[in-house]
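Handing you a structure now.
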């Protein structure tokens, strides 16, 4: 049994991330932890695994009677200079591989085939650091599958995975014969796999920690949550109207009594005394009404808004890109042949393909070709957000160039609409979550009036609760988009046309809508 009792996580500034959580993970339960960035999801998972988290204060108890296997959000940096087989066969980077350990290779190959992987990949001489983000995640999952386990804990297993592997992952999680706790931003994976939801959030402008446990699917939870929020808003609205009417009526009475008291106070002292007593009674009623007040709705952290102005619109016939390349290569490795990509002003193009096929490399090449154009404004979101940024720069530096009063106010309003607090706007980029970096990137594109967007996995670090706002932002965008993504919901919402790299071949596809 896995049980958490009276569990509280507090940051060094005294802010609660999680307060008095009680949770029991039952047999074969598939519990999805959801919430905005910075709410403590990954920290909770680490504590459940027994890792030290000295950056927060922990109170409460965690009890587990079985073997836990854990997939961290990031690939362990100490393995980056090793080969694939070193990583898979060794438990410790410094140990030597014993001859009998090679007996595991058949099992490794079988698991890799289940994951729709090419066996030759396992025996390549490339170092881990040369692999794509999705390839690293697949290797982590493969190593985890080989270990004995009673509980499986996964922190963002869907990050960077290609669509084929995502479909495999969904089936694997569903068919696990043990409990699984996972964090994911992939809505389809959540809908397919989750039997229970733990939603961790900060409400009232991030001043109050709240959690919700729900028995049922993600889709059912979101529907219930939206329905409840709408009802709460309506109740609060009605109570506020009632409160305002009561206050208006009682204030009118108080004003009339005060006027009458002041008028007769000298001529008719006995009448004035009665009016004074009545005024005291009225003021007592005012205080009672004020103390009772009216219901106020906890504003969810994921209620965000963002939109582009209409002036980013491009003419439909404007040539944005006419790109031809006989071979896309990294060092001596050919990734794709005979690329032809023609893009006009209002086109929204998705770049698709399996992990490691060259999509990110191609997008970087396109950015290099377009970045100095004077007739368009480019917004480029790389897969590694810090690729071209100084980690000591502040969030506001992404949006502001002149730092005049008007620019600062507009930037603050944009970040505020994405639920950044005033304090967070002053944080350095190194101190904010990847989800906050992604939001700041998008806000900077709006701020600068970008009309051509080059996006590499723009939604992979955003909460599934925030993603629909980004889908609408990109769907309504009047300019041009070239986007690498494995987010199936984003692809279906925004794109009709894509180009796929498969077996080193380049082909145009039409994206199916559900």
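No value in this document is a laboratory result; all are computed from the given coordinates. A quick note: this is a predicted structure, and the numbers were derived from the prediction, not measured. Please note: Cβ atoms are built from the backbone with ideal geometry, for glycine as well, and neighbour counts cover all protein chains shown.
Using a 7 Å offset from Cα along Cα-Cβ at residue 176, what residues in the stretch 115-147 end up with backbone N under 16 Å from the label point?
Of the residues in the stretch 115-147, 138-147 have backbone N under 16 Å from the label point off residue 176.
Counting only helical runs of four or more DSSP H residues, what would the 222 nm mean residue ellipticity of the chain come to if each run contributes -39,500 (n - 2.57) and the total is spread over all its residues?
Details: 16 runs with 199 residues, N = 514.
Value at 222 nm, helices only, nearest 500: -12000 deg cm²/dmol.
Work out the FRET efficiency for residue 96 and residue 391 from their Cβ-Cβ distance, taking R0 = 45 Å, and round it to the nearest 0.05.
Numbers: r = 37 Å, r/R0 = 0.82.
Using R0 = 45 Å, I get an efficiency of 0.75.
Let me ask something else. Where the eigenvalues come from the Cα gyration tensor of the stretch 73-148, what are the semi-axes √(5λ) of the equivalent ellipsoid, largest first, in whole Å? Walk me through the numbers before you get to the answer.
Details: eigenvalues 56, 51, 28 Å².
For the stretch 73-148, the ellipsoid semi-axes come out as 17, 16, 12 Å.
Still on this structure, I have one more. To check you understand DSSP bridge types, tell me what percent of the beta bridges within the stretch 68-212 (both residues inside) are antiparallel, rounded to 5. Walk me through the numbers on the way to the answer.
Working: 6 of 14 bridges.
Roughly 45 percent of the beta bridges in the stretch 68-212 run antiparallel, per DSSP.
Roughly how compact is the stretch 309-413, stated as its Cα Rg over 2.2 N^0.38 Å to two decimals?
1.34
Okay, moving on. Compactness ratio of the stretch 141-223: Cα Rg over 2.2 N^0.38 Å, N = residue count? Please report the intermediate quantities before stating the final value.
Numbers: Rg = 14.3 Å, N = 83, 2.2 N^0.38 = 11.8 Å.
Rounded to two decimals, the normalised Rg is 1.21.
I've got another one for you. Please work out the ratio of the alpha-carbon Rg of the stretch 425-514 to 2.2 N^0.38 Å and round it to two decimals.
With N residues counted in the stretch 425-514, Rg over 2.2 N^0.38 Å equals 1.19.
OK, next. Express as a percent, rounded to the nearest 5, the fraction of DSSP beta bridges in the chain (both residues included) that run antiparallel. Show your work: numbers first, answer last.
On the way: 40 of 74 bridges.
Looking only at bridges with both residues in the chain, the antiparallel portion is about 55 percent.
Just to verify a number: FRET efficiency for residue 22 and residue 118, C-beta to C-beta distance, R0 = 56 Å, to 0.05? Show your work: numbers first, answer last.
Working: r = 46 Å, r/R0 = 0.82.
FRET efficiency, residue 22 to residue 118: 0.75.
Then there's this: Given axes a ≥ b ≥ c from the Cα gyration tensor, I'd like to know whether the stretch 369-445 is rounded (a/c under 1.5), prolate (a/b larger than b/c) or oblate. If you can, show how the numbers build up before the last one.
On the way: a/c = 1.86, a/b = 1.25, b/c = 1.49.
Oblate shape, in that a/c is at least 1.5 and b/c is the bigger or equal ratio.
Please rank 108, 9, fewest neighbouring Cβ atoms within 10 Å first, as an exposure proxy. Present the calculation step by step, with values, prior to reporting the outcome.
Working: 108 20, 9 23.
Result, fewest neighbours first: 108, 9.
Determine the percent antiparallel among the DSSP beta bridges restricted to the stretch 310-510, to the nearest 5.
Values: 17 of 35 bridges.
Antiparallel bridges: around 50 percent, rounded to the nearest 5.
Still on this structure: Could you check the spin-label model distance between residue 125 and residue 1? Points 7 Å from the Cα along Cα→Cβ, value in nm.
My value for the distance between the label points is 5.6 nm.
To the nearest 0.05, what FRET efficiency results for residue 421 and residue 63 with a Förster distance of 25 Å applied to their C-beta separation? Kindly include the intermediate steps, with their values, before the conclusion.
Numbers: r = 35 Å, r/R0 = 1.42.
Efficiency, from the Cβ-Cβ distance: 0.10.
Then there's this: Would you mind calculating the relative contact order of the chain from Cα pairs under 8 angstrom and at least 6 residues apart, reporting the percent as a whole number? Provide the component values of the computation, followed by the final result.
Working: 866 pairs, mean separation 80.5, N = 514.
Reported relative contact order: 16 percent.
Under a point spin-label approximation (7 Å from Cα along Cα-to-Cβ), what is the residue 373-residue 249 distance to one decimal in nm?
Once both label points are built, they end up 6.5 nm from each other.
Follow-up question, since we're still on this one. Please arrange 450, 178 by counting, for each residue, the other beta carbons lying within 10 Å of its beta carbon, fewest first. Mind dumping the intermediate values first?
Details: 450 21, 178 14.
Fewest to most other Cβ atoms nearby, the residues stand as 178, 450.
Further question: Whole Å is fine, so just give me how far the alpha carbon centre of the stretch 94-155 lies from that of the stretch 413-479.
34 Å
How large is log10 I(q)/I(0) at q = 0.20, 0.21, 0.31 Å⁻¹ when the Debye formula is applied to the Cα atoms of the stretch 142-185, each weighted equally and without solvent?
Rounded to two decimals, the profile gives -0.66, -0.73, -1.39.
Based on a Kirkwood Rh over C-alpha pairs, give the Stokes-Einstein translational diffusion coefficient of the stretch 1-78 at 4 °C and viscosity 1.567 mPa s in µm²/s.
Working: Rh = 13.6 Å.
Diffusion coefficient, whole number: 95 µm²/s.
Next question, about the same structure. Which values of log₁₀ I(q)/I(0), to two decimal places, follow from the Debye formula for the chain at q = 0.09, 0.10, 0.12 Å⁻¹ with a uniform point scatterer at every Cα?
-0.74, -0.89, -1.22
Using the Cα gyration tensor of the stretch 310-510, with a ≥ b ≥ c the square roots of its eigenvalues, what is the shape: rounded (a/c below 1.5), prolate (a/b larger than b/c) or oblate (neither)? All intermediate terms of the calculation are to be shown ahead of the outcome.
On the way: a/c = 1.78, a/b = 1.61, b/c = 1.11.
Prolate, since a/c reaches 1.5 and a/b exceeds b/c.
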